[in-house]
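The values are calculated or read from the model by the stated rules, or taken from the named source; none is laboratory data. Values in this document were obtained by computation on a predicted structure and should not be read as measured data. Heads up, the Cβs are rebuilt from the backbone with ideal geometry, glycines too, and the neighbour counts pull from every protein chain shown. In case anyone asks, the SASA skips ligands and DNA or RNA and just uses the protein heavy atoms, side chains included. Shrake-Rupley method; radii C 1.70, N 1.55, O 1.52, S 1.80 Å.
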Amino acid sequence: MVVPAITDVTMAALCPGQDECSIAIYLTGFQQAMIGLGTLVTMPLLGSLSDKYGRKAILTLPMTLMIIPLGILAYSRTKTFFYVYYVFRIIIFMICDGCIPCLALAYVADNVPESGRSTAFGILSGIGSSAFVCGTLAARFLSTAQTFQVSTFAAVLGAVYMQIFLRDSVMDQNNVLCTPIISQGKPIISCKSKSNMPLLKALRSLQDLTSFLNSSKIITQAAIVAFFSNLADVGFHGSMMYYLKAQFHFDKNHFADLMIISGIAGTVSQLFLMPIFAPTLGEARLLSIGLFFHFLHMFIYSIAWSSWVPYAAAMFSILFVFSQPCIRSIVSKQVDPHEQGRAQGCISGICSIAHIVSPLVFSPLTALFLSEKAPFSFPGFSILCIGIASMISFFQSMMLRVVPPILS
């Protein structure tokens, strides 16, 4: 809900009345890098802890802390409060960014057998996309102040709902996570004791990340795909709105319209197309299709010659949304049931490295080519370079060799 509004809030606080603001681009990049640095450590840690203590217990932390930055801007959006929001967001997101979808994927993997996991991950992503559409649609018709107030209320409601209605993963008598696997309509509880694993071992998140990456060739290849794909994603989302604002004078409502189109296309694809294509084409092929159209989407943005071109490019979301659920599903099938939190946390840790690298590379590039000091006239040059990162992940995905899908 706040994504379409945050660029206008940032520009109004730092460069009032201007359509181009280098300091806003640099601060956004610095924020992304710091968050990536923090989540590089916390994602594998929280994933491992959720395997030991349950998904719900660990989910409580991010669901609660995420309310604070929203509440600050709901109260006021002056320059002083913007900086307070900026500091709190960096600190909280260093701990929590990406934790909610990561643990949600692990929770789904706890309850869905391997043969249906890619479809389940796609449906989960589709539900997330539909929530994104609803939030963006609401922001389209609300004022900036109301947008942050309603989003704060929604965050509080989500945390309360989780505490009341979400059932945690099954725990055995030794307080060890057990995985309910569905077989012929009946749950089979699969427990692997880890009571002899001390807490300090779970805290060695960087060592855990390294050992996980070396556990199999498929996981290593999937991690490389995840890194370059997220490198492109982070760079694109950190640059796209500033590029459109400088090039075509987009504002909150234009951003909202753009995201609604992309969100609806992605929702339809994940809820209805992915359950059809995943069992027949397999996750590896579907992943390659998604990454190729991800590159094409960014390439068209980079050469946009009119304000309607980004709206047309947003429709490519119907195909490039396949990539993230496929990566997660491929990794999920390479580990034991009791290691789903660790696996998803480690992949999120790899994505966090992309959060560190991407702004260091692409934020200065975006600021340069949107300024008057650009070496040549190509405002979308940084977007094109971001697309090249996506193309690298596409070529790497072509090398993935996973077990063929089991057809029912």
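A few notes on this one:
- Electrostatic tally near S118: other residues with Cβ closer than 13 Å to its Cβ, Lys and Arg +1, Asp and Glu -1, net +2.
- The alpha carbon convex hull volume per residue for region 1-44 rounds to 75 Å³.
- Apolar share of the accessible surface for region 322-408: 68 percent from carbon plus sulfur atoms, 1.4 Å probe.
- Computed from the alpha carbon positions, the gyration tensor of region 256-398 leads to an equivalent ellipsoid with semi-axes of 30, 20, 12 Å, biggest first.
- The chain: relative contact order in percent, alpha carbon pairs under 8 Å with at least 6 residues between: 30
- Gyration tensor analysis over the Cα atoms of region 1-80 returns equivalent ellipsoid semi-axes of 32, 16, 8 Å (largest first, whole Å).
- Kirkwood Rh, Cα atoms: Rg over Rh of the chain: 0.96
- Heavy atoms of the protein chains alone define the surface here; on that basis the chain has 43 Å² accessible area per residue at 1.4 Å probe size.
- Structure-based [θ]222 nm, the chain - -39500 (n - 2.57) summed over DSSP H runs of at least 4, per residue, nearest 500: -24500 deg cm²/dmol
- GNM result for the chain, Cα springs below 10 Å: residue of S151, S302, S216 fluctuating most strongly: S216
- Under 19 Å from the Cα of K245 - aspartates and glutamates, other chains or at least 8 residues apart: D8, D19, E20, D233, D257, E372
- Oblate is the label for region 204-276, because the ratio a/c of its alpha-carbon gyration tensor axes (a ≥ b ≥ c) is 1.5 or higher and a/b is not greater than b/c.
- Comparing T64, V41, Y53 along the charge dipole axis of region 14-82, the residue lying farthest to the positive side is Y53, per the Cβ-charge model.
- Taking 0.36 nm per residue of separation and subtracting the current Cα-Cα distance, fully stretching the chain between V309 and S76 would add 80.4 nm.
- Tilt relative to the chain, helix 144-165 - C-alpha long axis, 0 to 90 degrees, to 10: 0
- To the nearest 10, the accessible area of D19 is 70 Å² with a 1.4 Å probe.
- Tilt relative to the chain, helix 3-14 - C-alpha long axis, 0 to 90 degrees, to 10: 50
- Percent carbon-and-sulfur accessible area, region 1-105, ignoring ligands, DNA and RNA, probe 1.4 Å: 74
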